[in-house]
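Here, each number is a calculation from the coordinates, and none is a lab measurement. All of these numbers come straight from a predicted model, not from anything done at the bench. Here the Cβ positions follow ideal geometry from the backbone for every residue, glycine too, while neighbour counts run over all protein chains shown.
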Amino acid sequence: MISQSPATLNVMLIDSDSQFRQELADRLAPYSDVQLVLEADSDRAALRGLQQWFDQHPTETMGKIPLDLIILSLDLPPDTAIAIALCRDLRRQYPNLPILTISTVADPVLLSAAFQAGALGYCRKDTVIADLVLAMRQVAAGYPFWVQGMESVAQAFASATTSQPMVDAPSLLGRVRRNLRQSGLAQIDAAIAQINAQLADPNLTLLDQLFLTGRRRELRASRWLIKRLLTTSEERSGFSSAVPPVASSPLTSPLPVSPLPPRVAPPAEAPIEPIVLQPESTALRNIQASLFDTTFAKLQLGVRNLTDVPLEIDILREDRKRELLTLVLRKLEEVLAELRFSQMEFTQLANKQSLILEDVWRATTTDFFGRYYTLPLGDSPSDRLMQPPVEMVSVLLQDSDVVQAEILSKIPMVTDFLAHLLFQVPLMVDETTYAVGTVEAMTRMEALLQNLIIQVGNAVIQPLLNRFGNVVAVKQNFYDRRLLSTREIERFRNNLSWKYRINRYFKEPTAIFESRYNLFVFGELGIVKTSVYSPRNQELDELSGVGLAVTLALEARDAIAPRLRSAISFVGSGVVYILTEVIGRGIGLIGRGIIKGVGNVVQDTKFSRNTQRWR
């Protein structure tokens, strides 16, 4: 066992090769936030060591789990079944401990078995240490990491299809993979159907809904991964279309196309200037793919606005809203891919922020509405014949300056978001810097990404409301049924106007003074609002007019309110003392005297009666 030093990530390594264990410990030495605290060379030693570790370091110690990750070698002797069985035992006994598997050679059947046993990721033993550390951080944060395994399986399939002739009967390995795939998919489909039936119950509690939707999301991800890993080369050769890239995310799949406008390429009116970036590792792109995949999965759960703040996208039908936000996510991913092959230094990134956001907005607007779509303006077929249609996208793009000033320029921490993904710049979270792939950085990046796509979606819809808000064709193809009448549309637009006024004069100065940003993120059931801490001293110095007056009023209230409360409390205590101790006691003495006098009168009356009786 290795002595522990303070570290962000406490790791256990299970591998029978003592030389590899020592080499890995030496390679991890430069990383201060990763510490090998426990080693084992067999399944029994691993279970025994874990039991002793948790006995010596209880989970409640300083509120932190004493172990963050298990690295399990699939090469444990005498055969791979030992490692798979150990993986199942670890997941059963320690369900909160993520497992990252490693091996010398990636075998498709073995990887599928490890995935079904509960492993959260895979890396080859010869992986570059920087990529391995990023994978460890990602798996420890709860994000899957199967890119290397999928790449290895794809290479094996490709070599098999090019080097071996096609045969009518599948190989033994192919039959095993096919049987495993069919069995696994059948079990997963049955579980999903059961969960869907449970979710249809109207009496289901909110907690049960959250649990079941999360379980269904995990099953869908498992189904997708099993289909990718266990499809045989013979079956792949029968497909008419090419296999999609292994490292691609669900975002690269085509969106469902609506029948209204054709989808075309975005215009090249505002191209991003060429940029040259630092070399980056494959693991960094994998982290980006994980962030985008997580956001894409949350988009499928619900996009209803659960906050009290109106958003421009609220006027859309739910399917249109999900389509728009997914399209923003895809366009942002394409822009990031373009930036990786451009020529720009890190110091120029802040100056290019507005251009990058505008490019995402233009591309999304063009693809969402259709570049060549012409909008009929009449309310009826006869009116449409009288009024010529307009080029919808070209009119909407004319509001770029308004959109930039009102929405895009106010999206927080965009430069930090881009620098973290493109240049591996550590992210500042609560006055502490976190490296790429750490739990805190991944959580903050996920919130920034979700807020970014929601705000860009608002920017796409704002010109539509201003230019064509009451056009019948727009209502029919985009709007929610509850917002079709002119009165409801005008009420919705007025609510948006009041939102921007209140934000400009009150909420935004308050947020600046309190050093925080308000973000919109995706919860389990829809869009929710959260806030994150970030220093905003420069913006505070630039405040003027009503915004400055609001901050001064808040400062005065903070200065006066505690003293005023103390003074009121002191005066109240004094009044209570006077009423109870002075006036109350005086009234008590007076009452006591009255009662005593009444008693004496009664006694004198009884005495006089008795005296007269004896006479």
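Results, tabulated for the structure shown:
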item	result
Other-chain or far-sequence residues with amide H under 5 Å of Cys123's (modelled H)	Thr101, Ile102, Ser103
For Arg371, distant residues with modelled amide H under 5 Å away	Val264
Listed peptides 127-137, 540-550 by packing density, highest first (mean Cβ within 10 Å)	127-137, 540-550
Potential extension, Thr443-Ala221 segment - 0.36 nm per residue separation minus Cα distance	77.9 nm
Charge dipole (region 399-472, unit charges on Cβ, about Cα centre) - positive-most of Val439, Gln450, Leu421	Gln450
Proxy reagent accessibility, fewest Cβ within 10 Å first, across Ile461, Ile590, Ile70	Ile590, Ile461, Ile70
Computed E for Arg565/Asn494 - FRET, C-beta separation, R0 41 angstrom, nearest 0.05	0.60
Whole-Å distance, taken between Cα centres, linking region 16-53 and region 452-493	58 Å
Cβ-defined net charge surrounding Ser534, 11 Å radius [Lys, Arg +1; Asp, Glu -1]	-2
All lysines inside 30 Å of Lys529 as judged from Cα atoms, apart from same-chain residues fewer than 8 positions distant	Lys64, Lys298, Lys321, Lys331, Lys352, Lys410, Lys475, Lys499, Lys507
Amide H contacts of Val34 (H built 1.01 Å from N, under 5 Å, at least 5 apart or other chain)	Thr8, Leu9
Least to most buried among Leu421, Leu579 (fewest other Cβ within 10 Å first)	Leu579, Leu421
Backbone N within region 446-480 under 12 Å of label point (7 Å from Val402 Cα along the Cβ vector)	461-469
Centroid-to-centroid separation of region 393-439 and region 83-111 [C-alpha atoms, Å]	37 Å
Neighbourhood net charge (9 Å Cβ-Cβ; Lys/Arg +1, Asp/Glu -1) for Ile195	+2
Burial ordering of Met428, Met413, fewest other beta-carbon atoms within 10 Å first	Met428, Met413
Residue-span extension gain [Phe341 to Val546] - 0.36 nm each, minus C-alpha spacing	69.3 nm
